[in-house]
Amino acid sequence: FMFQPGVRHTVAAVVDMIRWIFPIRVIHKMANLSQNLNADNSHLVVDKMLHGSCVNSVLSMAADEIRKIGTLNEDFYKQWGHKFVMYYGRNDNWVPIECFKKMKRVNTGGKVVLCENNISHAFVTSQSEEMALVMTEMLKDELHCELG
């Protein structure tokens, strides 16, 4: 529903209208109330991303993604899975745990990990340091070395 062209354009227009009606400091305060963003990132989202054209592009990209994603190409992962690290969130409400379990069964040669740290799907907005530590540990294990 949200990804249909008319709806996308309407949502984008509403976002532009909000920016026109409310002073930017009020929008910043509303963004700061979010539980998913820290203060620096809420300002980044408002200043750089909360524009109608950006919202329309994001929704358009999501629509394209939903159209193109079909069934899991199991043969691909059996052949090339060893080259992938797949990190699934336990409670990010984006990808169901069943997808992790299926990928774990299909991609036996790759690294398929279920997050134990409650890191959000949108980790870049509030948990980038935590995710960097997780990735550092993964790289240490993979490269069999110390990273300083």
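The values are calculated or read from the model by the stated rules, or taken from the named source; none is laboratory data. Computed from a prediction, not measured in an experiment: that's the story for all the values here. Because the Cβ atoms are built from the backbone with ideal geometry, glycine has one as well, and the counts that use them run over all protein chains shown.
Structural remarks
- Residues being assigned to a helix (DSSP H, G or I), among the aromatic types (Phe, Trp, Tyr) and surrounded by 13 or more Cβ atoms within 10 Å (Cβ to Cβ) - total across region 1-44: 0
- Pair list, Cβ under 8 Å, 6 or more apart: region 57-79 residue over 21 Å from VAL106 (Cβ atoms), other residue basic (Lys, Arg) and surrounded by 11 or more Cβ atoms within 10 Å (Cβ to Cβ): LEU59/ARG8; SER60/ARG8; ALA63/ARG8
- Test: ASN93 is at pLDDT below 85, in contact with a His (Cβ under 8 Å, 6 or more places away or on another chain) and closer than 30 Å to MET17 by Cα: yes
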